[in-house]
1. Can you give the FRET efficiency for N290 and H129, using 1/(1 + (r/R0)^6), R0 = 51 Å, r = Cβ-Cβ distance, to the nearest 0.05?
2. Loop only per DSSP, at most 16 neighbouring Cβ atoms within 10 Å: give me the chymotrypsin sites (Phe, Trp or Tyr not before Pro) in region 212-306, ordered by residue number.
3. Between the DSSP loop rule and a limit of at most 10 other Cβ atoms within 10 Å, which trypsin sites (Lys or Arg not before Pro) in region 205-245 are left?
4. Calculate one ³J(HN,Hα) per residue across region 47-63 by plugging θ = phi - 60° into the Karplus curve 6.51 cos²θ - 1.76 cosθ + 1.60, and present them in order as whole Hz with x for glycine and proline.
5. What is the Cα convex hull volume of the chain when expressed per residue in Å³?
6. Count charges around F153 for me, please; just the other residues with Cβ under 13 Å from its Cβ, Lys/Arg as +1, Asp/Glu as -1.
7. Which chymotrypsin sites (Phe, Trp or Tyr not before Pro) from region 60-152 combine a DSSP loop assignment with at most 14 other Cβ atoms within 10 Å?
8. Using 1/(1 + (r/R0)^6) with R0 = 41 angstrom and r between the beta carbons of E32 and E298, what's the FRET efficiency to the nearest 0.05?
Amino acid sequence: TRILTVAGAQLGPIQKSEGRDVAVGRMVRLMERAHQRGAQVVVYPELALTTFFPRWYEEDISNADNWYETALPSNETAPLFEAARKYNIAFHLGYAEKTPDGRRFNTAAFVDPSGEIVLKYRKIHLPGHKEYEPRRQVQHLEKRYFEVGDLGFPVVRAPVAGVDVNVGMLICNDRRWPEAWRELGLQQVELVMLGYNTPSINQDRKGFEAHHLRVLHSHLSIQAGCYQNACFGVGVAKAGVEDDHELFGHSIIANPQGEMIAQATTWDDELIVADCNLDQCALGRSTIFNFAAHRRPEHYGRITGQ
Ligand code: CDT
């Protein structure tokens, strides 16, 4: 059997005034605890190194440069890479990326214990809006701060602690789109890592949405994605109150049956750990979701507009 022990490292709030050193210190401590609990992979949230900055409007985007990473590792993120080497642990990190030619993406990297980036993904489903919207109580400016990702939905077969595993990534809002999961499923993904920053309240103010439904929809999306694509999923939140703005936690690990096998219970830094038997992906894949036998793409033309 191929068993991978996976940790989701939920982060409590990071305030606007806090530097990367604070976040990285907390993340290194979580990695140490993940190692103590036998984890071989640790998954951090979306935009893990800073506060969820798309809530803050900057007219001139260059004033937002301090939120972005131009290199990985950098002096500030190096302790994370050092800890990964020390504990022989792979990690998934969400961060804001600014490329050498000035492009900006909401990115996640999967890094092996030697520090090599083995897979990179740039968020495709960017929620929110591009311009300041006065009617909103809180802005959600992801369309201002990021371009739509240009890497598609890649999956790689990567050795993790001696186990070969098909890994893929989604970022936050992507989890709500079955097309994104299916792109990964079609590549036989076994482990989907995804970080999120989701406000507890729908700030669009176009209708009332009860608090508890926000969490339900997050779980529903992750659990359905795992079931329908016969894979494990690790959904990891940034949680709690950042400068008066509440993000719900409720990080989970789900199995290929769609069951929740671990769930966070706080809005703080918290580790959730599960043994993932990757061989469990075979059942769905060879029966009800045997794509080769049962999918009917010739009838799905509307989905891609072809
Ligand atoms: N970060 C992120 O993608 N958050 C969104 C909130 C949508 S509200 C504009 C999410 O789907 O969880």
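1. Values: r = 41 Å, r/R0 = 0.80.
Calculated value: 0.80.
2. On the way: sites: Y227, F232, F248, W267, F289, F291, Y300; in loops: F248, W267, F289, Y300.
Within region 212-306, the qualifying chymotrypsin sites (Phe, Trp or Tyr not before Pro) (loop, at most 16 other Cβ atoms within 10 Å) are Y300.
3. On the way: sites: R205, K206, R214, K238; in loops: R205, K206.
Hits after loop and neighbour filter: K206.
4. Coupling constants for region 47-63: 6, 6, 8, 9, 4, 6, 5, x, 7, 9, 8, 10, 5, 9, 4, 5, 5 Hz.
5. 134 Å³
6. Working: positive: K120, R122, K123, R175, R182; negative: D150, D174, E179, E183.
Cβ neighbours under 13 Å give a net charge of +1.
7. Working: sites: W67, Y68, F81, Y87, F91, Y95, F105, F110, Y121, Y132, Y145, F146; in loops: Y68, Y132, F146.
Taking region 60-152 and a limit of 14 other Cβ atoms within 10 Å, the loop chymotrypsin sites (Phe, Trp or Tyr not before Pro) found are Y132.
8. Working: r = 52 Å, r/R0 = 1.26.
With a Förster radius of 41 Å, E is 0.20.
Values in this text are rule-based calculations from the coordinates and carry no lab data. Quick caveat, the model's predicted, so the values are computed rather than measured. Cβ atoms come from the backbone with ideal geometry, glycine included; neighbour counts cover every protein chain shown.
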